[in-house]
Amino acid sequence: MTNVIIKFSRFTFIIKDYLRLLLNWAFGSGCCIVCGKETVYGDICKKCRQELLLKAKETSSLERCSVCGKILLSENNICMDCRKERIIFSCDKVFSIFPYRLWAKNLMFQWKMLERRGLSPFIAMLCSNAIKTQFGTECHFIVPVPPRNGKIRKKGWDQIDELCRYLETNYGYKILKLLKRKGNIQQKKLARKERLENSAEKYSLSEKALKLKRENLPQRVILIDDVMTTGITVESCAKALKSLGIKKVDALTVFIVD
């Protein structure tokens, strides 16, 4: 019965997505949020989609910090921020697709704050490409960073939850909701010092995770979030997952603040 419900849920999700694409093609969806031109391809026009895919491929080849994944300028192996104050210890590899600058800020704002959900399938494509190139094709388990308590009930959706649904439905990844979040304070509203002080118990294992038998645990998972600012969320989540017995925890974010 449970499998039937899951299959029906995936089927309705796919139908809704195709209906949205059909309506975009028939009536247009307004202007591309990157270049501002009219488009029938959703929230990003065909040309900008191709350019962003190319940009993601180009940035993926740049040298990165071995700790936080930030693009290195003149440093060797480890960025200056991690040399001064290392935050991430529990995560094996961190990769962020784009630096959080200029057009990236607008893209994030449109997707997360203005709820332009038509961006979700394209961002899922970017994430799937990044997973294959940076973490290999053998890792199929994704753990989403959980939203604030009650966010989905209040707003009707969460961008990471929807991103993971596309990764599961369109690309075949297995989504494991092994974490839960304590409290409802938004990280972005806290100063760096406050984030550090409140990070230790910010994320913990979910009831589902605690019920899992050790032999059923995957050996490796990919933690996924929208943006990495200080690395505190990544560290807190990775530490909790490793305490469960998962041997390797990598992390992927769409953006990184540098």
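Where a number appears in this text, it was derived from the coordinates with a stated rule and is not lab data. As the structure is a prediction and not an experimental result, all values here were calculated from the model. Positions of Cβ are generated from backbone atoms using ideal geometry, with glycine treated the same way; all protein chains shown enter the neighbour counts.
In this rough spin-label picture, where each label sits 7 Å from Cα along the Cβ direction, the residue 140-residue 168 distance is 1.5 nm. The residues neighbouring residue 83, those whose beta-carbon lies less than 12 Å from its own, together hold a net charge of 0 under the Lys/Arg +1, Asp/Glu -1 convention. Each residue, residue 207 and residue 109, gets one label point 7 Å from its Cα in the Cβ direction; the gap between the two is 4.0 nm.
Extending 7 Å from Cα along the Cβ direction at residue 242 and again at residue 161 yields two label points whose distance is 3.0 nm. Scalar couplings 3J(HN,Hα) for the stretch 80-90, obtained by applying the Karplus form with A = 6.51, B = -1.76, C = 1.60 to θ = phi - 60°, are 5, 4, 6, 5, 6, 8, 6, 9, 8, 10, 8 Hz; x denotes Gly and Pro.
Near residue 139, within a Cβ-to-Cβ distance under 15 Å, what is the net charge of the other residues, with Lys and Arg +1 and Asp and Glu -1? Residues near residue 139 contribute +2 overall.
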